[in-house]
Amino acid sequence: MTTSTDTWLERISVRRAWRRRGLGRAITGEALRRLRAAGLADAMLGVDADNPIGAIDLYEGMGFEVTQRSMIYGRPPGS
């Protein structure tokens, strides 16, 4: 359940050529500082559980914990 002091971080990404330089951590950290300064207590984000580039390790290393798991189903175009 979310409250009025919860917020979602959306679309945090770093282009392939700039990865492994600490930019994801810096972007996420700055977002968290700004949210805290605005009075928001909790931050949430979604991540692909099969993410091959270390996003899960990054977020867990910043204190995020898994609180919910979900699946999304889709159909390919034209099917």
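The values are calculated or read from the model by the stated rules, or taken from the named source; none is laboratory data. In this text the structure is predicted, and so the values were computed from the model without any measurement. FYI the Cβ positions are ideal-geometry reconstructions off the backbone, even for glycines, and counts take in every protein chain you see.
Couple of notes before you dig in:
- Of the residues contained in the stretch 12-28, none is found to be of a type in the set (A, V, I, L, M, F, W, C) and touching an Asp or Glu at 6+ places or on another chain (Cβ under 9 Å).
- Filtered residues of the stretch 35-45 (kept if within 15 Å of the chain's Cα centre (by Cα) and more than 13 Å from A55 (Cα to Cα)): L35, D42, A43, M44
- Of the residues making up the stretch 29-40, those that are touching a strand residue (DSSP E or B) at 6+ places or on another chain (Cβ under 7 Å) and either small (G, A, S) or closer than 15 Å to G61 by Cβ (or both) are A31, L32.
- Residues of the stretch 33-45 that are surrounded by 14 or more Cβ atoms within 10 Å (Cβ to Cβ) and either assigned to a loop (DSSP other than H, G, I, E, B) or at pLDDT 95 or above (or both): L40 alone.
- Pick from the stretch 52-79, criterion under 18 Å from T28 (Cα atoms) and small (G, A, S), ranking: surrounded by the most Cβ atoms within 10 Å (Cβ to Cβ): A55
- Residues in the stretch 1-18 that are exposed (fewer than 15 other Cβ atoms within 10 Å of the Cβ), modelled with pLDDT of 90 or more and either under 13 Å from the mean Cα position of the chain (by Cα) or part of a loop (DSSP other than H, G, I, E, B) (or both): W8, R15.
- Residue check, I56 closer than 26 Å to M71 by Cβ and in a helix (DSSP H, G or I): yes
- Taking residues in the stretch 37-53 that are under 16 Å from I12 (Cβ atoms) and without any contact (Cβ under 8 Å) to a residue 60 or more places away in the chain, and partners anywhere that are among the hydrophobic types (A, V, I, L, M, F, W, C) and assigned to a strand (DSSP E or B), the pairs with Cβ atoms closer than 8 Å and at least 6 places apart or on different chains are A43/W8; A43/L9; M44/W8; M44/L9; L45/W8; L45/L9; G46/W8.
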